[in-house]
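Here, each number is a calculation from the coordinates, and none is a lab measurement. Owing to the predicted nature of the structure, the values given are computational and were not obtained by experimental measurement. So basically every Cβ, Gly included, is an ideal-geometry build from the backbone, and we count neighbours across all protein chains shown.
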Amino acid sequence: MEKGLTNITSATDTILIDFDSQKGNINNIQISNNSSSNAVTISLFLHDGTTANNAYFFKNLVLPVGVALFLNENLSFDDSVLSLILTTAGTSPDVSVIIK
């Protein structure tokens, strides 16, 4: 997936930045819950191909209706060995992710 804007409308794992994409230099990430009626549970983590080694920025964070989370520190990573993944869970998630 390209660095930039990602819209997620299901409970799933979404690769925001894949291995070897040369897009691991991140200044900020905004994650918004666009739903008008449902909170969403999200986890953001770095993945090296082995589930046991997932490194979480946060895990099982409940994002209320209409709320956005803005992250702007210590986000860059080595995308030659890691990918950035967002997990969404809940009823009818409607999430937007902006990566700059």
Between LEU69 and THR41, what is the label-point separation in nm under the 7 Å Cα-to-beta-carbon projection? 1.3
Run the numbers on the chain and let me know its relative contact order in percent, using alpha-carbon pairs under 8 Å that are six or more apart. 49
Quantify how much of the Cα-Cα distance distribution of region 48-100 extends past 19 Å, in percent. 38
Square roots of five times the C-alpha gyration tensor eigenvalues of the chain, ordered largest first and given in whole Å, equal 22, 14, 11
Only Lys, Arg (+1) and Asp, Glu (-1) charged, at Cβ; the chain dipole about Cα centre in debye: 280
Diagonalise the Cα gyration tensor of region 19-64 and give the resulting equivalent ellipsoid semi-axes, square root of 5 times each eigenvalue, largest first, whole Å. 24, 15, 8
